[in-house]
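A.B. asks: Structure incoming, see below.
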Amino acid sequence: MSRKQFTKQLGELHDRLEQMALVAQDSISIAVVSFESLDQQRVQEVFALDRRLFRYQLDLEARCLDLIALQAPVARDLRRVGTAYKVVNDLDRIGRYARDIAEITSSLGPEVTTTRIPSLPHMAKLTVAMVRKAVLALTTEDLELARSLDSDDEEVDALNDAIFREVVSYMKDETLDIASGAHYILVSRHLERIADHAVNIGTRVEFLVTGKWPHRDLFAAGDSDEAGDAPNPDDA
């Protein structure tokens, strides 16, 4: 494969990854709307988007492996292909959690009030915004935008903890039935996991741009700007 062909296929890979990212973004946005409005038509849209994401996943993984096998890219080109391969999984997981939320919506009766926990819609908006930010950081390779996802995630984590405590307290005093409480807790947990995958995408963008792996979990908050070299698979 010539360099010209490789560059063309790398561009096509980027375009397909951007398309998948936008589908994942739509899936969580629509899932949140479906839950808040108990809109069963929207539920079906989420299911359809999940199937599209699966097809994107298969296609993109094959493209990445073909590029590595046929071209043996190095340096930034290798990081670009490797980042795409890993981000595909994060986008697929975002779609799967969106589907999980839609499945919860499909099981709810019309008598259920999904706005009983005021913090939940706020958490949902923050999570959707994080996915949009992650997608933008990915498509523009914006380092600062990618890094800003960490602080957003802390707010989502705090809301998840607060919602859990609030729901449990309502169930204890019997002002909220157990089934509804379980649904609220599950939706909150799914949103929290989606936010984590948005952070993963941001971390992978940082690696793509800098060639350094952030290792945020290994440093105290004050040392979060430190970074190590990308992990060596042989050291695992």
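We did not get these values from a lab; they are worked out from the coordinates using the rules stated. Since the structure is predicted, the reported quantities are computational estimates derived from the model, not experimental observations. Here Cβ is always computed from backbone atoms with ideal geometry, including for glycine, and neighbour counts include all displayed protein chains.
A.B. asks: Using only the Cα atoms of the chain, what semi-axes does the equivalent ellipsoid have when each is the square root of 5 times a gyration tensor eigenvalue? Give whole Å, largest first.
C.D. replies: 36, 22, 12
A.B. asks: Same structure, new question: As a check on your grasp of the helix formula, calculate [θ] at 222 nm for the chain: sum -39500 (n - 2.57) over DSSP H runs of n ≥ 4, divide by the residue count, round to the nearest 500.
C.D. replies: Only helices count here, giving -28000 deg cm²/dmol.
A.B. asks: Under a point spin-label approximation (7 Å from Cα along Cα-to-Cβ), what is the residue 157-residue 40 distance to one decimal in nm?
C.D. replies: Using points 7 Å along Cα→Cβ, the separation is 4.0 nm.
A.B. asks: While we're on this one: Can you sort 66, 100 from fewest to most other Cβ atoms within 10 Å of each residue's own Cβ?
C.D. replies: Result, fewest neighbours first: 66, 100.
A.B. asks: Provide the net charge surrounding residue 161, with neighbours chosen by a C-beta distance below 15 Å and charges set as Lys +1, Arg +1, Asp -1, Glu -1.
C.D. replies: Once all neighbours under 15 Å are counted, the net charge is -4.
A.B. asks: To one decimal place, what orientation-averaged projected area in nm² is obtained for the convex hull of the Cα set of segment 107-151?
C.D. replies: Mean projected area for segment 107-151: 4.4 nm², to one decimal.
A.B. asks: With labels modelled as points extended 7 Å from the Cα through the Cβ direction, what inter-label distance (nm, one decimal) is found for residue 141 paired with residue 51?
C.D. replies: 3.6
A.B. asks: Which part of segment 132-150 falls in the paramagnetic zone of residue 212, meaning amide N under 19 Å from the point 7 Å along Cα-to-beta-carbon?
C.D. replies: Only 141-150 fall inside the zone, counting backbone N under 19 Å.
A.B. asks: In Å and whole numbers, how far do the C-alpha atoms of segment 85-137 stretch along each principal axis, longest first?
C.D. replies: Result, largest extent first: 43, 21, 11 Å.
A.B. asks: Please build a GNM for the chain, connecting alpha carbons under 10 Å apart, and tell me which residue among 123, 171, 20 fluctuates the most.
C.D. replies: Ranking 123, 171, 20 by mean-square fluctuation puts 171 first.
A.B. asks: Hey, another quick one. Which aspartates and glutamates, if any, have their Cα less than 19 Å from the Cα of residue 4, not counting same-chain residues under 8 positions apart?
C.D. replies: Here the aspartates and glutamates satisfying the reach criterion relative to residue 4 are 12, 15, 66, 77.
A.B. asks: Right, here's the next one. Treat the count of other C-beta atoms within 10 Å as a stand-in for reagent exposure and order 153, 90, 173 from fewest to most.
C.D. replies: 173, 153, 90
A.B. asks: So what's Rg/Rh here for segment 1-134, counting alpha carbon atoms and using the Kirkwood radius for Rh?
C.D. replies: Rounded to two decimals, Rg/Rh equals 1.11.
A.B. asks: Find how many whole Å separate the alpha carbon centroid of segment 46-60 from the alpha carbon centroid of segment 87-160.
C.D. replies: 18
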